[in-house]
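Okay, so here's the structure we're looking at.
The values are calculated or read from the model by the stated rules, or taken from the named source; none is laboratory data. Quantities reported herein were computed from a predicted structural model and do not represent experimental measurements. Note that each Cβ is placed from the backbone with ideal geometry, even for glycine, and that neighbours are counted across all protein chains shown. Ligands, DNA and RNA are stripped out before the accessible areas are found, and what is left, the full protein with its side chains, is counted by its heavy atoms. Shrake-Rupley method; radii C 1.70, N 1.55, O 1.52, S 1.80 Å.
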Amino acid sequence: MVARAAVSATLLLLAVTECFAGEPATEALTRDATLALIGALEFPADVEVAFEQSQRNPLFSRVKKQQGIMFKTAEQGLVMRITDPRAEERTLNAGAVSLTRRERNRHGPGTRDVTRRTQLDPARPSHLVLLTLEAVLNGDASSLTTHFSVSGERRQNGWEMQLEPIADTVREQLSRIWFRGAGHQLQQFRSERDDGEGGFSHFVELTMHPPADNVTRADAP
Amino acid sequence: MTANHRVLLALLVTVAVAAGAALRLEISYDLSAFLPPPGDLAQSLLTERLGQGAGAQLVFIALEDSNSAEASAIAGELRSHPLISRVLPEELTMSSDSLPRVLWNSRLLLGDLPADAGAWAEVLSQRADDLMFAADDDTLALIAADPALLSIDALSRFAAGASPPAFDQGSTQLLMLETVPAGFELAAQTRLVTDIRATLARRAGGAQLLGSPVYAVDLQESVRFEATLFSSIAGIALLLFIVLRFRSPQRVIGVALPLAAGGVSAMLALTFAFDEVHGITLAFGFTLLGVALDYPLHLFIHAEEGTSAGNRNVWKVLRLGILSTCIAYATLIFSGATGLQQLGAFALVGIIAAALTAAWITHRSVDLADTERSPETPPVKQVLRWWPAVTALGVSTAVLFAFPVFNDDLSSLTPVDANLLEADAQLRTTLGVADIRYLVSVKAGSQEEALRASERAVATLGPLQESGKLVGVQSITQILPSRDTQSHRREALDAFSIEDFEAGAAAAALEPAAFATFIEALEDERDNDGFATFTALRDEPALRGAVDNLFFEHADGWVSLVFLRGLTDREAVMAALQSVPQAALLDLKLASENLVADYRSRLVTLLLIALAVIALMLGVRLSLRESLWLLLNAVAAMAFAAACSVVWLGGLSLFNLIALILVTGLGLDYVLFYGRERPRTDDRATACAVLICAVSSLLVFGILSLSEIPVLRSIGATVAAGVIAAYLLARFGRYANTGS
């Protein structure tokens with residue numbers, strides 16, 4: 001509960017800061033500079049960060065939110081451990097996602113952990129979002145250019161990258177993905193549809209590797 | 001017509017007959033043709049459905065230095081192969097379009113909907129979590145129409161092997177393929193395995209290919225190679241031996257011709273008598289025909305070295321040998337198994353054709369009905385003649401009593417490397433493949449009764465899955481519930497409470513109005529009076545194979561099989577099934593051993609009947625004492641060969657028993673020649689002829705006994721031991737007879 005409150009407070013602070021920051025001055029980055037920036041950032045292993053994820057879609061009566069922690073290990077890949085409102089663990093690794101959740105036994109009392117694994121298919125918009133998150137957190141810029149046209153801009157208080165799907169079939173359900181950060185910190189990751197629905201992830205203190213100076217001096221805003 | 005002309009003409013006729021046989025010959029490989037009629041359901045499963053089911057159609061691929069993305073790409077490529085029905089791990093795509101129509105249309109009858117608001121809240125919260133993970137249009141539409149995921153759940157329980165993470169072993173990625181052709185369809189399996197290997201060869205890392213179809217294909221190659229190699233070596237050795245002995249091309253051709261003529265005549269005869277000739281019939285048929293090589297050898301050697309009086313007697317003796325061999329082989333026709341009937345017919349026709357050819361090319365006429373009695377051997381000498389055979393029989397019998405005589409475990413004859421089999425077994429466990437030894441059968445008088453009893457059996461096994469004694473089950477009832485269950489579920493739809501559903505949706509933060517397609521389908525199903533049927537499932541190409549494997553008509557009822565995955569406690573399953581009288585746990589290994597034991601008993605009985613008929617025939621043509629002496633020698637040679645096989649090979653298999661029939665034929669031949677009353681001047685020709693016959697047989701079968709392939713080695717060793725025993729017994733008997 002304390003952790004949840006802390007995360008919420010931090011996110012609120014970030015949102016308020018953004019609201020009162022005013023319209024930032026922006027400067028477009030070249031495609032190469034954008035890719036270089038993405039390629040230089042990598043979520044370091046064995047560091048835990050908190051995140052909040054929200055989503056809106058036609059079946060939800062309101063925006064649904066989940067909170068949890070995220071970390072990366074050499075063996076498992078990227079682990080997103082959701083703690084609220086219901087425990088669940090997602091592991092993103094080499095283009096596949098494993099989902100583990102506790103389910104009630106079918107034939108008797110008690111519960112057990114059930115894991116389902118899905119190989120992500122970039123032709124499916126929802127899978128492409130997860131593949132993109134995995135690529136961004138691994139600094140894998142080249143795989144992004146296969147599916148997206150990439151652009152970026154520098155802002156007064158950070159940077160923003162935009163990815164627009166190349167495939168028409170994907171674009172029907174996913175108009176763009178963007179992610180924002182400042183220095184080495186990836187702060188937001190968002191997927192959008194034309195009708196305004198989509199998913200949004202906020203990361204708290206997600207500091208990418210290598211150290212800020214190396215990245216910002218070369219290409220970063 | 002000169003002898004050379006006769007040989008040339010016989011050669012031309014043989015070639016013509018061979019061409020005729022080749023044109024008509026259709027070879028089959030269905031092993032069930034060699035098995036006796038099944039005694040029970042487990043044996044039926046083994047014989048009638050051989051090559052299909054849990055084990056025989058699975059290929060496993062272990063990709064080394066790989067990752068899931070590459071494994072997925074390779075799986076995608078393999079899915080398009082026309083001989084592959086399924087590649088695991090597979091995605092159960094969250095889309096109604098990807099599901100078989102018959103399952104989607106009857107989804108509300110495939111499982112129970114949540115009963116109250118609380119249960120709906122639980123289920124719908126899971127769906128909301130699913131949507132946080134993947135919320136594209138297909139998933140949204142599927143969940144809106146089937147919020148309890150009854151369709152996906154039924155299909156995933158029915159289709160799943162291991163849970164998908166098991167396929168990801170870090171740097172090694174596993175794939176599992178189900179082949180379209182049955183395990184014994186070797187031509188198709190060879191094409192498939194070759195294509196899979198070509199696909200894997202394009203990647204950088206190593207890959208291991210396992211599974212019964214792979215072993216069968218590789219084995220086919222290695223057996224063909226080794227059989228060709230050893231047959232060639234044996235053939236060349238035999239040819240050299242005959243060339244060295246006769247130093248005449250005409251004689252060499254003359255020796256080979258009866259065997260060749262016998263073989264091709266037998267093949268031609270079978271093409272008229274049977275639609276297909278089994279590959280095993282040909283292989284073992286030629287083995288049994290080996291005895292025909294002796295006919296021209298006896299005739300030529302006696303012609304060269306014997307006296308005219310001795311030569312006149314050769315055919316009399318040979319005739320007895322031919323008749324005895326024909327009787328032994330003819331008993332196979334009454335075996336009850338098509339394959340053995342073919343084998344008996346092949347050997348019988350082949351022996352007669354070989355004998356006639358041998359007679360014709362050596363200017364002899366053969367009167368198989370000649371009933372002239374041979375003169376009896378003087379009584380004093382007869383006493384001395386018994387001891388070698390009695391001693392050999394006594395020692396052999398003692399050995400046979402001291403060791404387990406029969407080996408009914410067919411797996412002991414597999415030439416597949418033990419390490420490979422262990423790796424195979426481990427993979428099957430890792431991937432939760434249905435147990436190939438144990439499965440549950442549910443038998444009832446009608447489809448509906450069988451389905452109802454299967455549901456009860458599956459329900460009783462449920463708790464074992466949660467206690468870890470069983471990973472899962474595959475049953476037809478997962479996608480085809482009984483009519484009773486479907487009716488109850490439809491009645492339960494009447495009790496569906498929209499208020500409970502809406503309360504559950506609200507608790508899960510879902511919009512009830514977005515589930516209009518579900519509510520509509522539910523109302524349609526309430527008004528519907530049709531049911532999901534077996535016929536409708538079979539009409540779905542994607543399901544037909546699995547459905548036919550699991551649910552079929554048998555004898556006067558229906559059988560539903562329940563495959564068990566990850567079985568660790570057989571007793572627990574047996575105990576659980578006690579509450580379902582129609583269900584039984586089948587042990588296919590035990591069934592195969594029983595089947596082989598029945599088969600073996602049948603062969604032993606046939607062998608004894610053959611010996612009795614031969615004894616009768618000899619009794620008619622010779623004196624009783626002489627007949628008994630001849631039989632005793634043949635039986636002693638056979639017992640010695642059996643004892644050697646038991647000691648060297650660890651027991652007699654079915655193949656050894658067939659080899660023993662040949663040993664009996666050879667033993668009778670040798671002892672007939674050595675034991676016959678003849679002029680002393682004919683001794684040299686007889687000794688020479690029998691020695692050459694024995695050496696030629698020993699050469700061929702001795703070389704086969706060096707093979708690495710257990711079946712070849714086993715036949716070779718048994719016949720070689722039998723030839724040695726038969727020759728020595730005949731020779732000792734001869735000294736006793738002549739006093740020399």
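Of all residues in the range B:98-113 being open to solvent by 20 Å² or more (accessible area, probe 1.4 Å) and within 13 Å of another protein chain (Cβ to nearest Cβ), which is nearest to B:GLY504 (Cα to Cα)?
Filtering first and then ranking leaves B:ASP112.
For the structure I just gave you, tell me whether B:SER222 is out of contact with any Asp or Glu (no Cβ under 9 Å at 6 or more places or on another chain) and open to solvent by 20 Å² or more (accessible area, probe 1.4 Å). Step through it out loud before you land on a result.
Values: out of contact with any Asp or Glu (no Cβ under 9 Å at 6 or more places or on another chain): no; open to solvent by 20 Å² or more (accessible area, probe 1.4 Å): yes.
Answer is no for this residue.
Please identify the pairs in which a residue from the range B:532-560 that is part of a strand (DSSP E or B) has its Cβ atom under 6 Å from the Cβ atom of a residue that is of a type outside the set (A, V, I, L, M, F, W, C), counting only partners at least 6 apart or on another chain.
Here the result reads B:PHE551/B:SER560; B:GLY557/B:LYS443; B:GLY557/B:GLY445; B:TRP558/B:GLN447; B:VAL559/B:SER441; B:VAL559/B:LYS443; B:SER560/B:SER454, each pair linking the range B:532-560 to a residue that is of a type outside the set (A, V, I, L, M, F, W, C).
Looking at B:GLU455 and the list (1) more than 34 Å from the chain's Cα centre (by Cα); (2) of a type outside the set (Gly, Ala, Ser); (3) open to solvent by 20 Å² or more (accessible area, probe 1.4 Å), which single condition is not satisfied?
Against the list (1) more than 34 Å from the chain's Cα centre (by Cα); (2) of a type outside the set (Gly, Ala, Ser); (3) open to solvent by 20 Å² or more (accessible area, probe 1.4 Å), B:GLU455 comes up short only on (1).
Pairs please, first residue from the range B:579-608 and over 30 Å from B:ILE661 (Cα atoms), second anywhere and open to solvent by less than 70 Å² (accessible area, probe 1.4 Å) and modelled with pLDDT under 80, Cβ atoms under 6 Å, 6+ apart in sequence or on different chains.
Cβ pairs passing all conditions: B:LEU586/B:ALA42.
Name the residue, out of B:ALA555, B:ALA536, B:ALA507, B:ALA542, that is within 14 Å of chain A (Cβ to nearest Cβ), among the small types (Gly, Ala, Ser) and open to solvent by 30 Å² or more (accessible area, probe 1.4 Å). Step through it out loud before you land on a result.
Values: B:ALA555 fails: within 14 Å of chain A (Cβ to nearest Cβ); B:ALA536 fails: within 14 Å of chain A (Cβ to nearest Cβ); B:ALA542 fails: within 14 Å of chain A (Cβ to nearest Cβ).
Step by step, each of B:ALA555, B:ALA536, B:ALA507, B:ALA542 is checked, and only B:ALA507 is within 14 Å of chain A (Cβ to nearest Cβ), among the small types (Gly, Ala, Ser) and open to solvent by 30 Å² or more (accessible area, probe 1.4 Å).
Could you please let me know if B:ILE143 is within 14 Å of another protein chain (Cβ to nearest Cβ), open to solvent by less than 20 Å² (accessible area, probe 1.4 Å) and in contact with a Lys or Arg (Cβ under 6 Å, 6 or more places away or on another chain)?
Values: within 14 Å of another protein chain (Cβ to nearest Cβ): yes; open to solvent by less than 20 Å² (accessible area, probe 1.4 Å): yes; in contact with a Lys or Arg (Cβ under 6 Å, 6 or more places away or on another chain): yes.
Considered against the rule, which asks whether it is within 14 Å of another protein chain (Cβ to nearest Cβ), open to solvent by less than 20 Å² (accessible area, probe 1.4 Å) and in contact with a Lys or Arg (Cβ under 6 Å, 6 or more places away or on another chain), B:ILE143 comes out as yes.
Kindly indicate whether A:SER61 is touching a residue at least 24 places away in the same chain (Cβ under 8 Å) and either within 21 Å of B:LEU510 (Cα to Cα) or open to solvent by 30 Å² or more (accessible area, probe 1.4 Å) (or both). Talk me through it step by step, then tell me what you get.
Numbers: touching a residue at least 24 places away in the same chain (Cβ under 8 Å): no; either within 21 Å of B:LEU510 (Cα to Cα) or open to solvent by 30 Å² or more (accessible area, probe 1.4 Å) (or both): yes.
Here the answer is no, as A:SER61 does not meet what is asked.
Suppose we keep only residues that are at the interface with chain B (Cβ under 8 Å from one of its Cβ atoms) and open to solvent by 60 Å² or more (accessible area, probe 1.4 Å) within the range A:94-139. Which one would you say is modelled with the lowest pLDDT?
A:HIS107
Quick one: would you say B:THR517 is under 40 Å from the mean Cα position of the chain (by Cα), open to solvent by 40 Å² or more (accessible area, probe 1.4 Å) and β-branched (Val, Ile, Thr)? Show your work before the answer.
Working: under 40 Å from the mean Cα position of the chain (by Cα): no; open to solvent by 40 Å² or more (accessible area, probe 1.4 Å): yes; β-branched (Val, Ile, Thr): yes.
No.
Tell me which residues, restricted to the range B:71-86, are open to solvent by 30 Å² or more (accessible area, probe 1.4 Å) and in a helix (DSSP H, G or I).
B:SER72, B:ALA73, B:GLY76, B:GLU77, B:ARG79
Yes or no: B:GLU90 facing another protein chain (nearest Cβ under 10 Å), outside any helix (DSSP H, G or I) and at pLDDT below 90? Talk me through it step by step, then tell me what you get.
Values: facing another protein chain (nearest Cβ under 10 Å): yes; outside any helix (DSSP H, G or I): yes; at pLDDT below 90: yes.
Yes.
Among what's in the range A:27-58 and is under 29 Å from A:GLN156 (Cα atoms) and within 11 Å of another protein chain (Cβ to nearest Cβ), pick the residue that is surrounded by the fewest Cβ atoms within 10 Å (Cβ to Cβ).
Top of the filtered list is A:SER54.
Tell me, yes or no, whether the range B:636-647 has at least one residue that is modelled with pLDDT under 85 and either over 25 Å from B:PHE401 (Cα atoms) or part of a helix (DSSP H, G or I) (or both). Give the steps one after another, and end with the answer.
As a first pass, look at the range B:636-647 and keep what is modelled with pLDDT under 85: none.
Among the residues of the range B:636-647, not one is modelled with pLDDT under 85 and either over 25 Å from B:PHE401 (Cα atoms) or part of a helix (DSSP H, G or I) (or both), which makes the answer no.
Only residues that are in contact (Cβ under 8 Å) with a residue 24 or more places away in the chain, assigned to a helix (DSSP H, G or I), open to solvent by less than 50 Å² (accessible area, probe 1.4 Å) and not β-branched (Val, Ile, Thr): list them for the range A:140-179, please.
A:ALA141, A:LEU144
What about B:SER592, is it modelled with pLDDT of 85 or more, within 29 Å of the chain's Cα centre (by Cα) and in a helix (DSSP H, G or I)?
Values: modelled with pLDDT of 85 or more: no; within 29 Å of the chain's Cα centre (by Cα): yes; in a helix (DSSP H, G or I): yes.
No: the conditions fail for B:SER592.
Can you spot a residue in the range B:415-432 that is within 14 Å of another protein chain (Cβ to nearest Cβ), open to solvent by 20 Å² or more (accessible area, probe 1.4 Å), hydrophobic (A, V, I, L, M, F, W, C) and without any contact (Cβ under 8 Å) to a residue 60 or more places away in the chain?
Applying the first criterion (within 14 Å of another protein chain (Cβ to nearest Cβ)) to the range B:415-432 yields B:431-432.
Checking which are open to solvent by 20 Å² or more (accessible area, probe 1.4 Å) leaves us with none.
No, the range B:415-432 contains no residue that is within 14 Å of another protein chain (Cβ to nearest Cβ), open to solvent by 20 Å² or more (accessible area, probe 1.4 Å), hydrophobic (A, V, I, L, M, F, W, C) and without any contact (Cβ under 8 Å) to a residue 60 or more places away in the chain.
For the range B:280-296, give me the residue count where each residue is open to solvent by less than 10 Å² (accessible area, probe 1.4 Å) and closer than 23 Å to B:ALA359 by Cβ. Let's see the steps before the verdict.
Narrowing the range B:280-296 to residues open to solvent by less than 10 Å² (accessible area, probe 1.4 Å): B:281, B:285, B:288-289, B:291-292, B:294-296.
Retained after the next criterion (residues that are closer than 23 Å to B:ALA359 by Cβ): B:285, B:288-289, B:291-292, B:294-296.
Residues that pass the stated criteria total 8.
Please go through the range B:128-139 and give me each residue that is open to solvent by 20 Å² or more (accessible area, probe 1.4 Å) and either more than 7 Å from every other protein chain (Cβ to nearest Cβ) or touching a residue at least 40 places away in the same chain (Cβ under 8 Å) (or both), ordered by number.
We begin by selecting, within the range B:128-139, every residue open to solvent by 20 Å² or more (accessible area, probe 1.4 Å); these are B:133, B:135, B:137-138.
Matches in the range B:128-139: B:ASP138 only.
Which condition number does B:ALA513 fail, the rest of (1) within 14 Å of chain A (Cβ to nearest Cβ); (2) assigned to a helix (DSSP H, G or I); (3) in contact (Cβ under 8 Å) with a residue 12 or more places away in the chain being met?
(3)
Determine, yes or no, whether B:PHE518 is modelled with pLDDT of 90 or more, among the aromatic types (Phe, Trp, Tyr) and out of contact with any strand residue (DSSP E or B) (no Cβ under 8 Å at 6 or more places or on another chain). I'd like the intermediate steps shown before the answer.
On the way: modelled with pLDDT of 90 or more: yes; among the aromatic types (Phe, Trp, Tyr): yes; out of contact with any strand residue (DSSP E or B) (no Cβ under 8 Å at 6 or more places or on another chain): yes.
Criteria met by B:PHE518.
Within the range B:486-504, take every residue that is under 30 Å from B:VAL440 (Cα atoms) and surrounded by 19 or more Cβ atoms within 10 Å (Cβ to Cβ) and give me the one that is farthest from the other protein chains (Cβ to nearest Cβ).
B:GLN486
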